[in-house]
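Q: Handing you a structure now.
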Amino acid sequence: MSAILPIRYVEPVFRPPSEAESLILPVTDGCSWNKCTFCEMYTAPQKQFRARDEAEVIDSIRRTGERFGGQVRRVFLADGDALVLPTRRLLAYLEAIRAHLPAVHRVSSYCLARNLKKKSVAELKELADAGLKLAYLGAESGDDEVLAHVSKGETFDSTRDALDKLGEAGIARSVMILNGLGGQALSAQHADNSARLANATQPEYLSTLVVTLHEHGRRFLAAWPDWQALSQDGLFREMERFLSALELTRTVFRSDHASNWLVLKGTLGADKPRLLAQVRAAIEHPDAAPLRPAWMRGL
């Protein structure tokens with residue numbers, strides 16, 4: 001255990017943008033699936049998947065409480081998919097958080113849809129009652145063909161089932177879609193079926209990121225050799241199609257990740273006309289649109 005920090009971190013550490021002020025508490029290292037061809041997050045050798053020792057995690061919570069006391073308001077359970085852990089172990093961590101970090105009012109985690117197949121709604125309700133309030137699920141797409149191409153290991157139905165389970169259990173859902181993931185050939189069906197997934201599940205939060213390939217571009221293209229990236233205009237047109245097809249009643253929408261050219265924020269459906277107007281203005285007059293400079297997208 002570090003002499004400086006009460007928690008042992010294995011770099012690099014990832015968390016959702018909205019968890020910027022949360023305590024990052026690793027309960028696993030890496031991702032239990034780690035086969036998505038577009039993802040570079042957990043590919044470093046030190047990020048091979050393993051569950052952390054239960055005693056170490058609980059001791060980290062205790063030591064954090066001793067040092068920071070009532071300063072911690074939110075906790076994010078890292079790394080890639082904390083909900084792969086047995087419910088009993090997760091409940092032990094949530095109990096320790098309540099005992100040692102009493103000011104915490106929200107605990108959240110990444111979540112793979114596949115890992116919820118092993119958990120009943122009753123188990124998820126236990127976790128919700130114990131403090132797990134929000135799960136971030138990277139759907140990436142609602143289109144089965146796109147999901148198969150990128151080795152996501154999920155389908156429209158498996159993702160919908162997981163989101164429905166979380167919703168029934170009272171755990172808020174933050175769903176992420178990758179703008180441009182279908183490339184030029186599958187852009188339309190990627191947009192349409194991703195909107196269909198959101199409409200079917202009505203998540204509390206919905207966000208979009210732009211697919212970005214760096215060193216893993218070779219792996220991605222080896223698996224999908226005829227994939228062609230969308231231009232900036234193509235990304236905007238795909239976004240317009242996606243937004244147009246959404247029929248949401250009360251979902252907070254964000255497209256403000258560093259990868260996005262055009263920052264969009266609103267609540268759907270109340271702000272749908274305004275968001276569509278912003279996208280259409282960027283399509284018609286890109287030079288006048290408030291776009292993020294390319295250097296700020298150096299991911």
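Q: Quick check on my filter: what residues within the stretch 16-57 are basic (Lys, Arg), buried (at least 17 other Cβ atoms within 10 Å of the Cβ) and part of a loop (DSSP other than H, G, I, E, B)? Spell out the reasoning first.
A: Step one: list which residues in the stretch 16-57 are basic (Lys, Arg), which gives 35, 47, 50, 52.
Imposing the further condition that a residue be buried (at least 17 other Cβ atoms within 10 Å of the Cβ) reduces the set to 47, 52.
Answer for the stretch 16-57, where residues must be basic (Lys, Arg), buried (at least 17 other Cβ atoms within 10 Å of the Cβ) and part of a loop (DSSP other than H, G, I, E, B): just Arg52.
Q: Here's a follow-up. Give the number of residues within the stretch 118-150 that are closer than 29 Å to Phe242 by Cβ, of a type in the set (Gly, Ala, Ser) and crowded, with 17+ Cβ neighbours inside 10 Å.
A: So the count comes out to 5.
Q: I've got another one for you. Of all residues in the stretch 238-274 being among the aromatic types (Phe, Trp, Tyr) and not in a strand (DSSP E or B), which is modelled with the highest pLDDT?
A: To start, the set of residues in the stretch 238-274 that are among the aromatic types (Phe, Trp, Tyr) comprises 242, 253, 261.
Checking the rest, the ones that are also not in a strand (DSSP E or B) come to 242, 261.
On the way: Phe242: 98, Trp261: 89.
Per the stated criteria, the residue is Phe242.
Q: Please work out if Leu83 is in contact (Cβ under 8 Å) with a residue 40 or more places away in the chain, part of a helix (DSSP H, G or I), crowded, with 22+ Cβ neighbours inside 10 Å and in contact with a Cys (Cβ under 9 Å, 6 or more places away or on another chain). First the steps, then the outcome.
A: On the way: in contact (Cβ under 8 Å) with a residue 40 or more places away in the chain: yes; part of a helix (DSSP H, G or I): yes; crowded, with 22+ Cβ neighbours inside 10 Å: yes; in contact with a Cys (Cβ under 9 Å, 6 or more places away or on another chain): yes.
So Leu83 fits the description; yes.
Q: Let me ask you something else. So in the stretch 192-224, with the set limited to residues that are among the small types (Gly, Ala, Ser) and part of a helix (DSSP H, G or I), which one is surrounded by the fewest Cβ atoms within 10 Å (Cβ to Cβ)?
A: So in the stretch 192-224, the residues among the small types (Gly, Ala, Ser) come out as 194-195, 198, 200, 207, 217, 222-223.
Applying the additional criterion that residues be part of a helix (DSSP H, G or I) yields 194-195, 198, 200, 217, 222-223.
On the way: Ser194: 30, Ala195: 21, Ala198: 24, Ala200: 16, Gly217: 15, Ala222: 9, Ala223: 15.
Within the stretch 192-224, the match that is surrounded by the fewest Cβ atoms within 10 Å (Cβ to Cβ) is Ala222.
Q: Let me ask something else about it. Look at Ala277 and say whether it is under 24 Å from the mean Cα position of the chain (by Cα) and either exposed (fewer than 13 other Cβ atoms within 10 Å of the Cβ) or in a loop (DSSP other than H, G, I, E, B) (or both). Give the derivation first.
A: Working: under 24 Å from the mean Cα position of the chain (by Cα): no; either exposed (fewer than 13 other Cβ atoms within 10 Å of the Cβ) or in a loop (DSSP other than H, G, I, E, B) (or both): yes.
No, not satisfied.
Q: Across the stretch 86-108, what is the total count of residues that are assigned to a helix (DSSP H, G or I), among the basic types (Lys, Arg) and touching a strand residue (DSSP E or B) at 6+ places or on another chain (Cβ under 9 Å)?
A: Initial filter on the stretch 86-108 (assigned to a helix (DSSP H, G or I)): 87-100.
Imposing the further condition that a residue be among the basic types (Lys, Arg) reduces the set to 88-89, 98.
From what's left, touching a strand residue (DSSP E or B) at 6+ places or on another chain (Cβ under 9 Å): 89.
Within the stretch 86-108, residues that are assigned to a helix (DSSP H, G or I), among the basic types (Lys, Arg) and touching a strand residue (DSSP E or B) at 6+ places or on another chain (Cβ under 9 Å) number 1.
Q: A further question on this structure: Gln189: surrounded by fewer than 21 Cβ atoms within 10 Å (Cβ to Cβ), of a type outside the set (Gly, Ala, Ser) and either on the phi > 0 side of the Ramachandran plot or touching a Cys at 6+ places or on another chain (Cβ under 9 Å) (or both), yes or no? Break it down into steps so the answer makes sense when it comes.
A: Working: surrounded by fewer than 21 Cβ atoms within 10 Å (Cβ to Cβ): yes; of a type outside the set (Gly, Ala, Ser): yes; either on the phi > 0 side of the Ramachandran plot or touching a Cys at 6+ places or on another chain (Cβ under 9 Å) (or both): no.
Judged against the criteria, Gln189 is not a match.
Q: Is it fair to say Thr64 is under 27 Å from Glu140 (Cβ atoms) and β-branched (Val, Ile, Thr)? Before you say what the answer is, go through the steps one by one.
A: Working: under 27 Å from Glu140 (Cβ atoms): no; β-branched (Val, Ile, Thr): yes.
The answer is no for Thr64.
The values are calculated or read from the model by the stated rules, or taken from the named source; none is laboratory data. Remember, it's a predicted structure, so these values are computed and weren't measured experimentally. When we count neighbours, we look across all protein chains shown, and the Cβ atoms used for this are built from the backbone with ideal geometry, even at glycine.
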